[in-house]
Amino acid sequence: MGSGDLGRELDLDAVIKSLENEFDIESNRHSGSMVTIRLESEGPALTLYRTGTYQIRGTDSRKTLFEANEDLLDALRSVGVEFSEPDFEQNNAVFLEDFETNIQLETLSLHLGLEDVEYEPEQFPGVIYRPPEIGTVNLIFSSGKTIISGTVENEVAEQSSEHLRKQLSTLPT
């Protein structure tokens with residue numbers, strides 16, 4: 001996910017109407033102060049706020065996130081929205097790793113150490129693990145899949161994945 005600021009307020013009704021006249025967009029009005037659009041079917045979700053800030057979600061890489069930002073800015077310019085070059089940054093990323101093995105979550109949570117783990121199966125069907133000194137959060141499921149968040153850097157996500165892989169290899173059987 002990324003966010004930016006156009007540095008000006010938007011008349012969302014006028015902007016959406018202009019975009020609909022120019023492009024075949026999907027729009028979903030949430031309130032008078034925000035709307036989510038897609039410039040292409042199945043494309044990233046672009047949420048515009050009346051304040052001029054915006055968010056982009058649903059891309060599969062950092063590169064496509066920044067491309068989606070340029071597509072949005074180009075579309076806004078093409079319908080006459082004036083703005084200074086916005087600051088845009090990636091705020092979050094989610095990584096998926098599949099260890100291709102079933103995991104006994106109760107055993108894993110004890111093995112990883114209760115100070116770094118949350119495991120309440122009646123609340124959530126996975127282990128929440130915060131590897132020490134890495135700064136990520138791993139959601140680990142019995143299917144052997146983990147979702148890694150808390151970083152936008154591929155290298156940090158890979159480090160978190162490798163740390164967990166080592167922990168899994170030393171699990172008592």
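Observations, loosely collected:
- Residues satisfying the stated conditions in region 1-54, i.e. of a type in the set (Phe, Trp, Tyr) and either surrounded by fewer than 17 Cβ atoms within 10 Å (Cβ to Cβ) or over 15 Å from residue 83 (Cα atoms) (or both): 23
- Residues being touching a residue at least 40 places away in the same chain (Cβ under 8 Å), under 17 Å from the mean Cα position of the chain (by Cα) and not in a loop (DSSP other than H, G, I, E, B) - total across region 127-159: 6
- The condition of being over 13 Å from residue 168 (Cα atoms) and open to solvent by 70 Å² or more (accessible area, probe 1.4 Å) does not hold for residue 106.
- Of the candidates 151, 170, 146, 136, the single residue that is farther than 29 Å from residue 65 by Cα and polar (S, T, N, Q) is 170.
- Every residue from region 60-72 that is free of Cβ contacts under 8 Å to residues at least 24 places away in the same chain and either surrounded by 20 or more Cβ atoms within 10 Å (Cβ to Cβ) or part of a helix (DSSP H, G or I) (or both): 63, 64, 67, 70
- Residue 165 vs. criteria in a helix (DSSP H, G or I), in contact (Cβ under 8 Å) with a residue 60 or more places away in the chain and either under 28 Å from residue 23 (Cβ atoms) or more than 15 Å from the chain's Cα centre (by Cα) (or both): yes
The values are calculated or read from the model by the stated rules, or taken from the named source; none is laboratory data. Note that this is a predicted model, so its numbers are computed, not measured. We place every Cβ from the backbone using ideal geometry, glycine too, and count neighbours over all the protein chains shown. The area values use the complete protein model at the heavy-atom level, side chains included, leaving out ligands, DNA and RNA. Shrake-Rupley method; radii C 1.70, N 1.55, O 1.52, S 1.80 Å.
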